[in-house]
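The structure under discussion appears below in the form of structure tokens.
The values are calculated or read from the model by the stated rules, or taken from the named source; none is laboratory data. Everything quoted here is computed from the prediction, not taken from an experiment. Counting neighbours? That spans all protein chains shown, and the Cβs are built from the backbone with ideal geometry, glycine included. Heads up: the accessible areas ignore ligands, DNA and RNA and are worked out on the full protein's heavy atoms, side chains in. Shrake-Rupley method; radii C 1.70, N 1.55, O 1.52, S 1.80 Å.
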Amino acid sequence: MSGGSGTESVRYADGGTSLIVYDSATTLRVAGVLVVIQRGRVSEGRGHGHPVQRTITGLPRELPTECLTSGLQGGGNEVQLEIEP
């Protein structure tokens, strides 16, 4: 992941929404686990103006060199979204 910019729309159970704009990201590999931390703000809706942190963690299911041969078949990640006070 490079840049870390982008948007995300969140819809709550009561019908409310938040539009989040990410403007930075940090990518780390810790003991074989890929960790991406995105930071931004709520630009519209519930929590407008509040800072946001989105943390994505994932274990590789395949060797990175697989993309040179048959291609990567898939992966899975855990995502945690925090809208801070």
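Count of region 1-18 residues, restricted to those that are at pLDDT 95 or above and open to solvent by less than 30 Å² (accessible area, probe 1.4 Å), is 3.
Within the set 33, 21, the sole residue that is touching a strand residue (DSSP E or B) at 6+ places or on another chain (Cβ under 7 Å), of a type in the set (A, V, I, L, M, F, W, C) and at pLDDT 95 or above turns out to be 21. Selection of region 24-43 for residues being part of a strand (DSSP E or B), surrounded by fewer than 13 Cβ atoms within 10 Å (Cβ to Cβ) and not aliphatic (A, V, I, L, M) yields 24, 26, 29.
Residues in region 36-85 that are over 16 Å from the mean Cα position of the chain (by Cα) and at pLDDT 85 or above: 43, 44, 45, 46, 47, 48, 49, 50, 85.
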